[in-house]
Structures are given as C-alpha cells and as structure tokens.
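Below is one structure, written out as structure tokens, with a few remarks after it.
The values are calculated or read from the model by the stated rules, or taken from the named source; none is laboratory data. Predicted model, so just to flag it, every value in this text is computed and none were measured. So basically every Cβ, Gly included, is an ideal-geometry build from the backbone, and we count neighbours across all protein chains shown. Accessible surface is based on the protein model in full, side chains and every heavy atom, while ligands, DNA and RNA are left aside. Shrake-Rupley method; radii C 1.70, N 1.55, O 1.52, S 1.80 Å.
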Amino acid sequence: MSEVHVHQVKPEWKKDALIDKDTYEKWYKDSIDDPEAFWAKHGKRIDWFTPFTKVKNTSFNGDVSIKWFEDGTTNASYNCIDRHLEKRGDQTAILWEGDDPAEDQKISYRELHEHVCRLANVMKSNGVKKGDRVTIYMPMIPEAAYAMLACARIGAVHSVVFGGFSPDSLAGRIEDCRSDFVITADEGLRGGKKVPLKANTDKAIEIAEKAGAKVRNVLVVRRTGADVNWVDGRDLSYDDETSKASTDCEPEKMNAEDPLFILYTSGSTGKPKGVLHTTGGYLVYTSMTHQYVFDYHEGDIYWCTADVGWVTGHSYIVYGPLANGAQTLMFEGVPNYPDASRFWQVIDKHKVNIFYTAPTAIRALMGAGDDHVKKTSRKSLRVLGTVGEPINPEAWEWYYKVVGDERSPIVDTWWQTETGGILISPLPGATDLKPGSATRPFFGVRPQLVDGDGKVLEGPASGNLCIADSWPGQMRTVYGDHERFIQTYFSTYKGKYFTGDGCRRDEDGYYWITGRVDDVINVSGHRMGTAEVESALVSHPKVSEAAVVGYPHDVKGQGIYCYVTLMSGEKGSEELKKELVAHVRNEIGPIASPDKIQFAPGLPKTRSGKIMRRILRKIAEDDYRALGDTSTLADPAVVEDLVENRQNKR
Ligand code: WTA
C-alpha cells in the first residue's frame with residue numbers, strides 16, 4: 001500500500017474549535033462508558049414541550065426495538081424555526097442560489113416561519129392529518145424545505161422522492177406508503193434544462209392508482225411557469241392556496257418516537273426500502289453532528305451541495321443546520337453550469353465558510369482543470385467536507401490543496417440513510433487527517449469489524465463494518481415491514497447493526513471504508529441495488545435474463561456494468577444497447593443509466609442455478625485472469641465467451 005500522508009491538526013484549526021483532541025477523547029469515553037448520562041445531557045440541546053425522563057431503551061436482539069427519549073414531546077419544525085425567532089428572526093435561515101447565477105433569495109427565520117405555517121394550514125384544510133404520509137417530489141427550491149417543515153409541524157410523515165426519479169419509481173414510493181397528498185412543482189430547472197415534474201407526477205399517480213393507491217390532492221408550486229396539465233378537484237395551486245392561508249399554525253406536540261419521515265433507499269434485494277426516522281433522537285443527533293463535525297459557529301454560512309431527495313439533504317441541509325439556527329445554502333443547479341467554476345463562484349458570492357460535497361463532484365471538477373478554481377478567491381472557507389462514497393487520496397489532496405489552499409481541514413464523513421447522521425468522521429480541531437480515511441467514530445458510536453463468521457476482530461484488521469449499540473439518529477424500522485428491518489440489518493451478525501460496508505482499521509484505530517460488500521453499488525454517490533437495475537432490464541421484451549455489477553469508474557466511483565441474455569431469436573446490436581439504456585432510464589431514472597452492456601449467450605451459474613457474481617465482477621474489472629475456482633459452474637464454457645467479449649478491455 002502506498003504511504004499515508006498524515007495531516008496533523010494545525011494550530012489555527014484548533015484555536016477556536018469547539019472540540020480539541022482531549023475533549024474528543026474524554027467525551028468519546030464518557031459516551032461509551034455511560035450512554036444514558038451522555039445522551040441525557042445532549043438530549044437537552046433541542047427544546048422539549050415535555051422533557052424526557054427516559055433516555056435509551058434499545059435492543060438489537062429478538063424483535064429489535066429502538067427508542068430514545070421515549071416519554072418526551074417536541075416538534076422538529078418548532079426546533080428548526082420558532083425557537084430561533086426571538087434571537088434570530090431577521091437572520092437568514094435559507095440562502096437560496098438558483099440554477100441561473102442571476103437568481104438568488106434570502107429567507108429569514110421569520111419569513112420561514114410564515115411560509116411554513118401557511119403551507120401547514122393549507123395541508124390541514126385539505127385533510128392532511130397527523131400520521132398521514134405526504135410525498136414531496138420537488139426541485140431544489142425553498143418550497144421543498146417549507147414542505148418538509150410543514151409536514152413536521154402538523155405531524156404528517158414526509159417521503160421526499162428525488163426529482164431525478166422516473167414516474168415508475170415515484171409511483172412505487174407513493175404506493176408503498178399509501179400517500180394521498182403529493183407536493184410537486186410545474187417543472188424543475190437544472191443546468192439550464194427543464195425537468196417535467198408535474199407531468200411525471202401525473203403519470204406516477206396513474207400507475208399508482210392502477211395498483212390500488214389513491215391520491216387526493218397534488219399541490220403544485222410554480223417554478224418555471226410552464227403550462228401544465230391540470231386535474232380539477234385534485235390539483236391545487238401552491239400560490240393560490242398559501243396566499244389565502246393564515247401565517248399562524250401551532251406546532252403539533254409529537255412524541256419523540258413519532259415518525260418524522262420515510263426515505264426510500266436501495267438495498268441488495270427487492271424493492272427500495274422505506275427507511276423510517278422518528279422525531280426526537282433524529283433531531284438531537286443531526287443537530288449535534290452538524291455542530292461538531294463541521295465545527296459550526298454562530299453566524300457561519302454553511303453549504304451542503306446535496307439534493308433534499310437524499311438523506312444528506314434531509315439531515316444536513318434542512319434539519320441539522322436549521323435546528324442550530326444556521327444559515328443554510330440551498331443550491332438549485334449543478335457543479336458545471338454555466339461552467340466548472342460554479343461551486344467556487346457561489347462560495348465567493350455568498351462568503352461560504354463551511355462547504356460539504358461529494359467525492360464524485362470533486363473528481364469531476366478536478367478533471368476540469370485547476371484554472372476554474374484558481375480564478376476564484378475561496379478565502380471565506382474554513383471547513384471542507386465530503387460524503388457519499390470513499391474518496392481516493394488524489395482527489396482528497398486536490399480538494400485540500402487546490403480548493404482549500406491548505407487552510408481548511410477536510411471532514412470525510414461516513415454514514416448512511418439508515419444511520420440518520422454522521423457516524424465516523426474527523427472533527428476539525430481534534431483529529432489528525434489521513435486522506436481516504438473517515439478516521440474516528442463520533443460520540444456514542446461503537447464500530448466493530450467482524451469476519452465472515454461474525455467473530456469480532458480486534459486491533460488493526462479488515463472486515464465487515466457493524467455498529468455494536470444504538471445511537472439516537474438510527475432508523476427505527478422499514479416502513480410497513482419490521483421483519484425486513486430485522487432481516488436486513490440484524491440477522492447477519494446477531495445483536496449488531498450490519499452496515500453492508502467493508503472496512504479496515506489501522507494501527508491508530510482509524511477506519512477506512514472500502515465500499516459495499518453486498519449487491520449495492522454506489523454510482524456518483526447514488527446508492528443503487530443491482531437487483532433494481534436487473535429487474536428494469538428484464539422488463540424489456542427482448543431481454544430474458546440480466547446480471548448487473550459495479551466496476552471502478554474514474555469519476556463516478558463505480559460504473560454500472562450489465563450482462564444481458566436476450567430472448568431466443570433476438571440479436572444484440574449497438575441499437576439495442578441504446579434502447580436498453582433508454583429503457584432503464586425510463587424505468588428508474590437517469591442515475592441508473594447503464595455504462596456498459598455486454599450481450600451474453602449465458603450467465604455463469606452454479607448447478608443450483610445461482611449466478612456467480614464474483615466472476616462477473618472480475619470480468620467487468622478486466623481482471624479475468626484471476627477468476628478463481630470455476631469448477632462449481634454448471635457450464636464452465638460460458639466464462640470463455642464472457643471474457644472474450646468483455647467491454648472493459650485495457
Ligand atoms: C457509502 C449517504 C466511504 C457507504 C450518506 C454507505 C461512504 C453508503 C461514505 C450510504 C464515506 C457514504 N466514505 N463510503 N465518507 N459516505 N458512503 O444511504 O457505502 O446514500 O454504506 O447515505 O454510501 O449511502 P446513502
């Protein structure tokens with residue numbers, strides 16, 4: 001392995017930092033020795049209507065039950081808005097930067113309160129009640145955040161669906177949680193291109209209703225002003241409705257364990273799972289990690305470039321920062337529009353202090369050349385962050401040197417939709433950095449590495465990453481399917497939460513995430529189940545069978561490689577490849593576009609009919625000389641054809 005370049009905490013990172021080395025060690029030890037006492041203290045960082053008297057009641061065994069602060073009552077919207085009004089009413093809450101660099105907007109906490117209350121009242125007067133599921137399918141505009149917070153205010157459970165998903169994917173999510181109220185926009189705008197959100201919603205509802213769902217209302221925000229199809233009696237105009245509504249709406253008293261949101265995410269099998277997060281613990285955990293991981297100080301301008309359709313947008317654009325009274329920047333566009341300088345220009349324009357993005361964006365911008373960066377100042381930056389996938393040391397060093405001018409620490413934050421917030425990450429004033437390592441666990445987090453038999457490995461080791469005990473931000477169940485929750489996360493290694501990631505721990509106790517060990521791939525930081533892409537492929541009439549694997553990709557991290565067996569009589573062609581790519585985009589969305597398609601007369605199967613993915617992964621990586629044991633294959637000859645026709649020949 002190449003030598004690791006350690007970047008020690010610089011004196012200026014430590015100077016005003018909230019947490020230094022000794023504090024980290026002390027708090028970490030306290031949090032593990034006595035989680036009850038630790039979280040009883042930090043649980044008070046949010047406002048409670050009824051204070052909790054119970055702190056932690058969690059079990060990873062048997063039926064798996066996770067409860068935090070269970071007798072407390074609170075409200076997420078109250079904590080993100082109302083409690084700041086007195087002190088920061090006129091301070092910016094959301095700093096919005098449009099796709100077009102000429103468009104921006106500042107929304108103060110007072111204005112945020114008004115918008116959210118109006119929308120909450122509109123939802124109430126249209127029959128949305130506590131516990132109802134509301135689907136949000138929106139571009140990156142402030143109304144997306146208003147919608148989430150308005151749901152939280154009245155106790156409705158939001159399910160945000162990424163605006164890049166297809167009508168089919170949206171339909172599946174509406175149907176799964178039986179959501180009867182949808183909030184969308186006429187169109188989205190990204191990189192100068194329009195996204196037909198309302199038209200997609202109409203199609204999705206048609207599909208979902210065929211499957212038995214019933215959508216009562218669609219509330220439509222005007223973004224581009226496009227002329228869209230209108231269903232009278234069902235569709236409601238956001239402008240018309242909110243302008244009539246009152247600007248006061250009492251926040252609902254929510255139990256700490258009442259659901260806050262559902263967010264669908266891909267797993268190794270079957271349909272995407274509805275990850276369910278609840279109110280109290282989630283808010284304590286996201287606000288606390290936002291403060292300490294980014295060393296957030298009052299007055300900082302904070303920018304996370306994620307989309308609210310992903311968990312990073314939930315926890316670190318909306319809930320964490322707003323609970324802390326921060327100014328959170330929300331960006332509608334893309335990194336390379338109008339050109340590859342956009343991120344750095346936005347940083348200068350709004351004097352951003354904390355910047356949080358994904359390795360795939362860093363790699364793409366690195367490829368665009370240093371000039372795009374160097375012509376901007378970036379001197380407001382103090383802390384840089386990454387999330388979503390492993391960052392290669394080259395990209396890390398570029399981010400550190402070229403973007404950060406060696407002045408800002410990088411926090412490489414490891415976590416998942418399921419974990420609600422960051423679990424492993426450096427803290428800017430406390431942790432020496434090693435490029436490519438997410439470094440050390442956050443307070444209260446107990447990582448463990450286990451081997452294939454579930455034996456816990458000590459010291460420096462490589463294994464499967466588990467977490468030994470609960471933390472307040474953890475998901476509570478798979479919506480509507482608790483058994484699947486138990487099976488997916490707690491059955492592989494009894495009594496532990498299994499993350500699905502492989503990991504190495506070095507001699508300093510630093511964690512290095514090596515990527516998924518299951519059939520989930522990570523494409524440009526977007527998580528995808530290979531099974532989902534396979535089922536999209538086989539839904540094409542010419543396809544008889546498909547197997548999908550990931551392969552290393554310079555910019556995306558992983559690319560999507562598809563082996564496709566056609567129906568007898570069909571012949572593979574470049575035309576058909578294009579047709580299949582279009583088909584998958586249509587079924588799932590552009591993020592699932594296959595990068596490589598290989599037509600294969602047969603797939604390597606064991607005698608019991610199981611596809612040997614290990615072999616397919618090797619061939620996709622062009623590593624076919626090391627296929628290992630193929631003697632258990634039903635027909636070893638298929639491998640020769642696969643190798644011969646591999647698409648990644650070097
Ligand atoms: C991967 C995103 C390495 C990991 C917050 C995890 C990472 C999956 C990192 C979750 C990181 C996320 N280093 N890998 N810093 N952050 N991952 O649910 O494989 O979209 O299991 O949550 O992304 O993706 P998800």
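Carbon-plus-sulfur fraction of the accessible area of the stretch 117-225, 1.4 Å probe, in percent?
The C+S portion of the solvent-accessible surface of the stretch 117-225 is 47 percent.
Stretch SER237-LYS26 to full length: gain in nm at 0.36 nm per residue minus the Cα-Cα span?
70.6 nm
With each label point set 7 Å from Cα along the Cα-Cβ vector, what nm distance links LYS129 and ARG83?
2.9
Under 16 Å from a point placed 7 Å out from the Cα of LYS244 along the Cα-to-Cβ direction: which residues of the stretch 118-147 have their backbone N that close?
Flagged as within label range: 118-128.
What is the gain in length, in nm to one decimal, between LYS351 and GLU3 on full extension, counting 0.36 nm per residue of separation less the C-alpha to C-alpha distance?
Taking LYS351 through GLU3 to full extension adds about 121.7 nm, to one decimal.
With a probe of 1.4 Å, find how much accessible area the chain has per residue, and write the answer as a whole number in Å².
With all protein chains present, the chain gives 38 Å² per residue.
Of the peptides 254-262, 589-597, how do they stack up when ordered by the mean number of other Cβ atoms within 10 Å, highest first?
Ranked from most to least packed, the peptides come out as 254-262, 589-597.
Take the alpha-carbon positions of the stretch 472-519, form their convex hull, and give its projected area averaged over all directions (one quarter of the hull surface) in nm².
In nm², the orientation-averaged hull projection of the stretch 472-519 is 4.7.
Multiplying the sequence separation of LYS374 and GLU575 by 0.36 nm and subtracting their Cα-Cα distance, what value in nm do you get?
Gain in length upon complete extension: 68.1 nm.
Could you sort 14-24, 64-74, 627-637 so that the peptide with the highest average Cβ count within 10 Å comes first and the rest follow in order?
Per-residue mean Cβ counts within 10 Å order the peptides as 64-74, 14-24, 627-637.
Let me make sure I get this right: for the chain, a, b and c are the square roots of the gyration tensor eigenvalues over alpha carbons, sorted descending. Under 1.5 in a/c it's rounded, otherwise prolate if a/b > b/c, else oblate. Which is it?
Here the chain falls in the rounded category.
Using a 4.7 Å Cβ cut-off, which Cys residues in the chain lack a partner cysteine?
For the chain, the answer is CYS80, CYS151, CYS177, CYS304, CYS466, CYS503, CYS562, because their Cβ atoms have no other cysteine Cβ under 4.7 Å.
Using r as the Cβ-Cβ distance of ASP34 and ALA226, and R0 as 51 Å, what FRET efficiency do you calculate, to the nearest 0.05?
For R0 = 51 Å, the calculated efficiency reads 0.35.
Using a 1.4 angstrom probe on heavy atoms only, work out the carbon and sulfur share of the accessible area of the stretch 1-42 in %.
Its accessible area is 52 percent carbon and sulfur atoms.
Given a cut-off of under 8 Å on Cα pairs at least six residues apart, what relative contact order in percent is computed for the stretch 206-279?
Relative CO of the stretch 206-279 lands at 21 percent.
Which whole-angstrom value gives the distance between the alpha carbon centres of the stretch 245-280 and the stretch 73-105?
Using only Cα atoms to place each centre, the spacing works out to 20 Å.
At what distance in nm do the modelled label points of ASP100 and LYS194 sit from each other, each positioned 7 Å from its Cα along Cα→Cβ?
Label at ASP100, label at LYS194, 1.3 nm between them.
Which lysines, on any chain, are close to LYS401 with Cα under 16 Å apart, when same-chain ones fewer than 8 places away are left out?
LYS10, LYS374, LYS375, LYS379, LYS434
Could the peptides 333-340, 283-290, 571-578 be put in order, highest first, of the mean number of other beta-carbon atoms found within 10 Å of their residues?
283-290, 333-340, 571-578
Considering only the chain, what is the antiparallel percent among its DSSP beta bridges, to the nearest 5?
About 60 percent, rounded to the nearest 5.
At 1.4 Å probe size, with the rest of the protein present, what percent of the exposed accessible area of the stretch 251-381 is carbon and sulfur atoms?
Here it works out to 52 percent.
Expressed as a rounded percentage, what relative contact order does the stretch 1-114 have, with Cα pairs under 8 Å and six or more residues apart?
So the answer I get is 15 percent.
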